[in-house]
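What follows is a short report on a single structure.
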Amino acid sequence: MNIMTSKTFLILFFVNSFSIYFLLHAQHRGGPSDRSLSAENRPRQPQSHRRRHLKPWPILPSYLPWSQEAAAVSHRSCEAYFGNGFARRVDFLSSSAPAVGGGGGGGWFRCSYSETLRSSICEGGRLKMVAGRIKMSRGGEKLEDVIGRGEEEELPVLSDGAFEIEGSGTEFGPGRGISRRRMVTGDDLDRYVPAGDVSRHTMRELIGSIDVVGAAEFRCDQTQLEDTWRALFSGLRYAKNLSGAVCFRHAIFSPLGYETALFKGLTEDINCSGASALHLWRDPDDQKTARLSEFGEMIRAAFGSPVHKQRLEKPVSVYNVLFVRREDYLAHPRHGGKVQSRLSNEQEVFDSLQSWTTNHLGCKINFVNGLFAHMSMKEQVRAIQDASVIIGAHGAGLTHIVSATPKTVILEIISREYRRPHFALIAKWKGLEYHAINLSGSYAIPSIVVDRLSSIMKSLGC
């Protein structure tokens, strides 16, 4: 499996690394008086986002506008699990007074908390990152140097004051004898950014490191304005690659992956099934979601595929059966430098499936060799989109099924050591037909896989 491909989708889906997304607002004046981001006043009809960004993202219609109003999203509903309803606003710092020393006004920081996900999306203004107070792996090392490295070594270590925010003049005025204070208390972190079931919550540690300082101490070596805008919409720049004291006019902190539906689905029963956004617009249902399908649609559109491409547009005379291959790799922190195969006889299974599809007389089947490690991202997305059936061993490559079209059938081969429901959940939340073959070890009997595919093809009328 191509490591970069896996991480691209896992970062999009889980956001499991220390990456801070900094967003510049051209009209922003830095404070809670900013116009609300709520979509409550938009008509419930397809919306078009007309703002021009440097990155030419496709215009996608939204039948289900997002809301910051608590009453608009039911607790533990599908909408709430999939990120709508960060409605409980908490202001940790308000810029109600001008800063001392001509700083142009104090900073501000607030979080929007979701009762369902038990996490917050936070944002702040006039924020400074002090790179010298943050330690983390430098990246770019040789493979041999990172084999067996533990996950803890990859996480950032933030000292007190790793981030600073400019306080108002009422707090840091002359003669007060105050130079800095911690912005958020431990109790507030427990309440709005809880650690949950993980040993280390890097976003919680980041917010906990923020010190409020006076305007005289709030000095920057560089300011990320236009550069950050370009990085956000035309690429990705990691905070660890910045140096000195970097100031941001407006910073947004996203929650981490274990605060999303996919992680919570490991321990909670999230009773949601996939439906189209148009269907839910016409007939709202708290037990159905279109968010995962919309996400996959965004990915397809970003790589040039038509928006709302449906299975009916595909020729029914040919069925594409995609076998997603997985290449073993060593540099996984949980592998300890040992190869752990998800499917020990993958080539044997592949050869058997290829032979069966070649000799099948019921209909024409195009058997696709999904060597994703050797394909561009556009080629991978196109292969997923064009597939009638997707087969693969449990692994990050199957995350691509978020871009599958509505009638695609998923067949997952699961070894004994990797019985996790990730892809069953994705299929359920997209409304895809899903099948699994659970192995007693990592060896799959080829005839069983062929029989299961034969049954699926019969159900498709082939």
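Throughout, read-outs are computed from the coordinates displayed, never taken from laboratory work. All figures in this text were calculated on a predicted structure; none of them were measured in a lab. Every residue, glycine as well, gets a Cβ built from its backbone with ideal geometry; the counts of neighbours run over all protein chains shown.
Between Ile448 and Asp269, the FRET efficiency estimated from the beta carbon spacing at R0 = 41 angstrom works out to 0.90. Placing dummy labels 7 Å off each Cα toward the beta-carbon, the span from Asp285 to Val90 is 3.5 nm.
Which pairs in the list Lys264/Lys407; Lys135/Lys378; Lys142/Lys430 are over 29 Å apart, alpha-carbon to alpha-carbon? Over 29 Å apart, Cα to Cα: Lys135/Lys378; Lys142/Lys430.
Computed from the Cβ-Cβ distance with R0 of 22 Å, the FRET efficiency linking Glu217 to Ser137 stands at 0.15. Amide H contacts of Val409 (H built 1.01 Å from N, in plane; Pro and chain starts excluded): Val389, Ile390 sit under 5 Å, all sequence-distant by 5 or more or on other chains.
For the pair Asn438 and Lys458, label points projected 7 Å from Cα toward Cβ lie 2.4 nm apart.
For the peptides 141-148, 244-251, residues were scored by their other Cβ atoms within 10 Å and the scores averaged per peptide; the highest-first order is 244-251, 141-148.
Peptides 78-85, 179-186, 270-277 ranked from most to least packed, by the mean per-residue count of other Cβ atoms within 10 Å: 78-85, 270-277, 179-186. Once the chain from Ser179 to Ser199 is taken as fully extended at 0.36 nm per residue, the excess over their C-alpha distance is 4.0 nm. Working note: Karplus 6.51/-1.76/1.60 with θ = phi - 60° gives region 281-290 the couplings 5, 7, 9, x, 8, 5, 9, 10, 9, 10 Hz, where Gly and Pro are set to x. The protection proxy used here, the mean number of other Cβ atoms lying within 10 Å of each residue, ranks peptides 198-206, 397-405 as follows, highest first: 397-405, 198-206. Applied to region 76-87, the Karplus parametrisation 6.51 cos²θ - 1.76 cosθ + 1.60 on θ = phi - 60° returns per-residue 3J(HN,Hα) values of 6, 7, 4, 4, 5, 5, 9, x, 8, x, 6, 10 Hz, with x for Gly and Pro.
Distance from the C-alpha centroid of region 341-398 to that of region 64-90: 38 Å, rounded to the whole angstrom.
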